[in-house]
Amino acid sequence: MKRRQMIINSGIACYSSLLSTTIPSIVKAQNVKPTFYTRGRYLYNRFGEKVILNGINLPLLDDWDFPESDKLTELVKTGANAVRIQWYKDYGQSDRPSYSISDLDKFLTRCQQNRIIPIVMLSDLTCNSDANLLNTQLIPWWIDNDVLKVLKKHESYLIINLANELGFYRWADNQKAALNSFKNAYKSAISSIRQHLHLPIMIDAPDCGTSIEAFSLIGQELIASDPDRNLLFSGHAYWADYDGISHIETIIKANLPLVFGEIANKQDENIKGTTQYCYYDLDGTRENHSPSKTFTYQKLLPLLKQKQIGWLAWCWWKDNCTNRQMTPNGNFSHLTPYGDDLVNNPIYGLKVIAKRTR
């Protein structure tokens, strides 16, 4: 009788042990999402782990070495956990080395292999005033069958940035009408994308990315219009004459998912219709022209760290403003002073704050 009871007790113990190990695994598997997602202020990976994007912009097509070379292996050495990939629907120069969507496919695979979160961005309409061009010129590319095939393949770890710095608000003659046009253009774009993809959609602020306060006015309405509630709002901190730091707290209180898609040490200026590169110093060096405000990127980054807001440096290489490059040749062993600061600064450097994710 004792032996029989021992066998029964042993069976019960084994069954209980089996339940304790398998049920959490089953529950955990059920909670895994198909894509990254936002909730409140934050971005999460598929496993529900908070992700702060700390990375670098890579002007992949402007370097004219792609697809033969892309310098991703060198960029990975910085510790960055994300890369914002500059892409074009139409580069517009026939002498540029040819590239295809299959080249992007291969690059995204390499990002995943290196545990770097890829953010694909279209640059064709950079700083164009008309937000309505988003739906007539860019969305057809995003929902093209060949493009969708690639995006769906990588959807579980991918973010898309529909348009770089598109639309005016603060710079418009009629700000109310311009903001309404911007909002409606993105509502329509979100609707088109959600028929095919469920990954996070990044939206750049108007006025070349600088007017982040626009999101405190329309951000929640844009989120409500998204069936997946999966948006990221991106600011570009070119604040030589318009220091937007004061608006960050407003966006936090509005519980909006904010990221800085571009931060830099220099800012260009348009003078008599011509772009003057590296015109303003956003690093306090006084090499060229001092901003009318006291903004520097060195003041911004500790604040972003404190508030758990991500950022992406502009840029790895190449750039028309050579002083704005983190490296002159794309190699980690040749970091510029700017690049070294962003990588190794003991407070906000990528080596300190960037956390790789699954």
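Structure notes:
- Each stretch of four or more DSSP H residues adds -39500 (n - 2.57); spread over every residue of the chain, this sum gives -10500 deg cm²/dmol at 222 nm.
- 5 angstrom amide H check on residue 117, placed H, neighbours 5+ away: 82, 83
- Placing dummy labels 7 Å off each Cα toward the beta-carbon, the span from residue 253 to residue 355 is 2.8 nm.
- Percent of beta bridges antiparallel (DSSP, the range 232-286, rounded to nearest 5): 55 percent
- With DNA, RNA and ligands ignored, accessible area of residue 269 (1.4 Å probe; Å², nearest 10): 60 Å²
- Of 253/307; 77/355; 152/305; 50/71, those spanning more than 20 Å from alpha-carbon to alpha-carbon: 152/305; 50/71
- At R0 = 56 Å, FRET efficiency that the Cβ-Cβ distance of residue 176 and residue 77 yields, to 0.05: 0.75
- For residue 62, the shell of other residues with beta-carbons less than 11 Å away shows a net charge of -1, using +1 for Lys and Arg and -1 for Asp and Glu.
- Probe 1.4 Å, accessible area per residue of the range 161-280, Å²: 36 Å²
- Of the peptides 148-154, 320-326, the ranking by mean beta-carbon count within 10 Å, highest at the top, reads 320-326, 148-154.
- Partner aspartates and glutamates whose Cα lies under 15 Å from the Cα of residue 266, excluding those fewer than 8 positions away in the same chain, are identified as 241, 243, 281, 283, 287, 319, 341.
- Efficiency of FRET from Cβ geometry, residue 96 and residue 145, R₀ 25 Å, rounded to 0.05: 0.55
- GNM top mover of 123, 94, 216 - the chain, alpha-carbon springs below 10 Å: 94
- Note on residue 114 and residue 322: with the Förster distance fixed at 22 Å, the Cβ-Cβ geometry gives a FRET efficiency of about 0.25.
- Label-point separation in nm, residue 191 to residue 106, each point 7 Å along Cα→Cβ: 3.9 nm
- Share of carbon and sulfur in the accessible heavy-atom surface of the chain [1.4 Å probe, %]: 50 percent
- Rounded to the nearest 20 debye, the dipole size of the chain about its Cα centre is 2480 debye, using +1 on the Cβ of Lys and Arg and -1 on the Cβ of Asp and Glu.
The values are calculated or read from the model by the stated rules, or taken from the named source; none is laboratory data. Fair warning: this is a prediction, and the values are worked out from it, not measured in the lab. Because the Cβ atoms are built from the backbone with ideal geometry, glycine has one as well, and the counts that use them run over all protein chains shown. Each accessible area value is taken on the protein alone, full model and side chains, heavy atoms only, with ligands, DNA and RNA left out. Shrake-Rupley method; radii C 1.70, N 1.55, O 1.52, S 1.80 Å.
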